[in-house]
Amino acid sequence: MKDSKYRSSPLGISRRTLLAGAAIGVSQIAAPFVVTARAAEAIKIGMLLPKSGPYAIQGETGHNGALIAVDDFGGHVLDRPIEIVWLDESSPQSTQQNMRKLIEEEKVAAIQGGVSSGDVLAIMPVAEQAKMLLMATGPNATEITGKNCNKYTFRVDLPNKVTVQSVYPQLKERGKKWYFIVASYAWGIDAYNQMKDVLVKDGGTVLGYDQAPLGTTDFSSYILKVRQAKPDVLYVGLGGTDLTNLLKQMHEIGLTRQMGLSSPIVNDSDLWAAGPDASFGTYPKLWNYTGPHLTKRSAEFVDAYKKKFGAPPEVEGWQDWFGATAILTAIKETKSTDSSKLAGFLEEHKFDGYKDAPIGFRNFDHQLVQPLLVATVRDKITDKYDYFNIDSEYPKDPAQLEAAYGSQAEIGCVFKS
Amino acid sequence: MTELIISQVVNGLVLGFLYVLIAIGLSIIFGMLGVVNFAHGVYFALGAYFALSLRDNLGPWAIVLAPLGVGILGMAIETTLMRPLYGKEPLLGLFMTFGIALFIEELIRTIWGAAGRPFNPPAFLSGFIIWGPVLVTKYRLFVLVVTMLILAALWLFLHGTRYGRIIRAGSRDPEMVSMLGINLKRVFTAVFGLGTAIAGIAGVLAAPLWSVVPSMSEAAIMPAFVVVTIGGLGSFGGAVISGLLVGISVALSIQFWPAASTAVMYALMIVVLLIRPRGLLGESWERFE
């Protein structure tokens, strides 16, 4: 009896009832705080960019670019802090694993990145299966927004099919006997196929075609073959340290500026690493941090980047800045993190201020349609970073922009419903 | 075609000497200390980065001082981090060197930045020499001569001096050498310093040819391991033969099947290990059996 006396309250309510009531009461009082805590939970943007290997510097620059976009939004969207979760992009298999980790463990709202086309082609089906928005900021293989396209993947970078058209008229002035060295994966092989078609249709000759494994350090044996073939133009589907190594070793053997040189796309950092003496060539460029094409908004990005990181941004920085801006704008405008809603918004929205005219993703292939530059490395480079003269914009007639990226029938992209 | 093949073989031989230089430090450290040094590539990278920092103020002296700096750092690491693990579970040493590799690569990224740094060969070594079908750049010829001098000096040191004999004896039977009153701890530290300094030399010499980036160790570590494995772990002569074999194989594969030029060295390693599991000149060492 004594025990039961102590177990009951003076009002005759059992302790268990009292505790349950208290718990309910506390939960009611605390409810606003719980909601506040949930509101403060970060909106995570997943990032897959290389942290090591040939494209490591592109990874870092891209990450930096995205951080500027976060700063532009004041670090918050929908009153929640923005968090970039950066995992490594090192091979198709490991990038797939990291993509799953971002989706399942980090619960990200969207994913951006992808420098290597091979890696992006591997993660695209994961994006489709998980219904997760994938903003592919750096790959160029044509099929990404072509026959392999899907409704959750958007691409910022340029397809090879477009870049080869932009630079060919200028390169053919050097002659039509060409040699090709390309990285032996999707991007390089696609670049060769696209450019070879243009060259051969125009009556040109392929003197040689070599595939080089990604991460090749020594190109001297390739260069011996090129030297013997004596091409007018060397077209290389190489990027990152591969391109740097090639330029340094061409310089070593005295072939710098002895022939035309181009690639499907170029990152400034690859040339900065080779140095002014070894750098040369004419390249398609999605963007350049100097030049008359620079809009006010892009110039502000350059200033912010320089201030934060102490050096100007190369093109990968702009791509990931734009990619992150596009995702965050979509989240802000739709007030949602649902990938279907974000994709719907991106299909319709035009982004003003980034290039001469508003740019946007096409609704039938999710390719960002934008003008690009054809740029040549200066004969005399006096600045540590400013290597390029801008020769022209492509297409020359802005009215031809849509047509330059191909029609729906030409692209061959069909979204699964 | 014959001319191009001859040219490729010679080019492969020259490349092979660079592989030998990268691998020989790894081979010495394993042969003498029994340490499988996963951090070998970062000492190679440090050689390039030290030279990068020193060359503006010290000019050609940077080529000498950078590897010396790497060797001193190697000795400090051996004394503080490696020595406590001798005689313990071999996996611990492996993990330690792996950790050191990751740490130093990040350190390089923090100090020198992630971006690649230009590094040209000196002006007097620019240009090339042509003998019939063979074309060799002056810089690669310089690398070849330096490598041969280092190899000759190493061989003479190990086989012609008292210190060399102590090192070789210590590598086979450390307990017996210790019982003779020789301070093996110091010997091991010196050997580790020597191996890392040679990696540093390779890094300095490779800097004008290959990208100078924080992850440049990756370009060195895999060829180094392949060369040492093919040659026979710890075998000096084996590393030389194997390095040249790998160089020629890579060059010829680029001539005939470029896409396989990286795979060819691994294929060569598989074939050699299947036929001779100890590697070409590898011997049975009681200590490691």
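Read the figures in this text as sums done on the coordinates, not as results from a lab. If you're wondering where the values come from, they're calculated on a predicted model, not measured in any experiment. Quick reminder, even Gly has a Cβ in these numbers, built from the backbone with ideal geometry, and neighbours come from all protein chains shown.
Numbers at a glance
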{"item": "FRET efficiency for A:Asp277 and A:Phe364, using Cβ-Cβ distance with R0 set to 60 Å, rounded to 0.05", "result": "0.85"}
{"item": "Residue exposure sequence - A:Ile381, A:Ile45 - by fewest surrounding Cβ within 10 Å", "result": "A:Ile381, A:Ile45"}
{"item": "Degrees, to the nearest 10: B:217-231 long Cα axis against longest axis of chain B", "result": "70 degrees"}
{"item": "For peptides A:127-134, A:185-192, A:401-408, sequence by mean Cβ density within 10 Å, most packed first", "result": "A:185-192, A:127-134, A:401-408"}
{"item": "Relative contact order (%) - criterion: Cα under 8 Å, at least six apart; region: the range B:43-141", "result": "17 percent"}
{"item": "Lysine pairs with alpha-carbon atoms under 17 Å apart, the range A:52-168, spacing 8 or more or separate chains", "result": "4"}
{"item": "DSSP H segments from chain A that extend 24 Å or more along their own axis, Cα-based, with Kyte-Doolittle mean of -1.0 or above", "result": "A:15-39, A:56-72, A:315-334"}
{"item": "Stretch gain in nm, segment A:Tyr209-A:Glu347, where the contour uses 0.36 nm per residue and the Cα spacing is subtracted", "result": "45.8 nm"}
{"item": "A:Lys201, A:Lys306 arranged by Cβ crowding within 10 Å, fewest neighbours leading", "result": "A:Lys201, A:Lys306"}
{"item": "Packing-based exposure ordering (other Cβ within 10 Å, fewest first) of B:Ile130, A:Ile265", "result": "B:Ile130, A:Ile265"}
{"item": "With Cα atoms, 0 to 90° folded angle of helix B:138-160 axis to chain B main axis", "result": "20 degrees"}
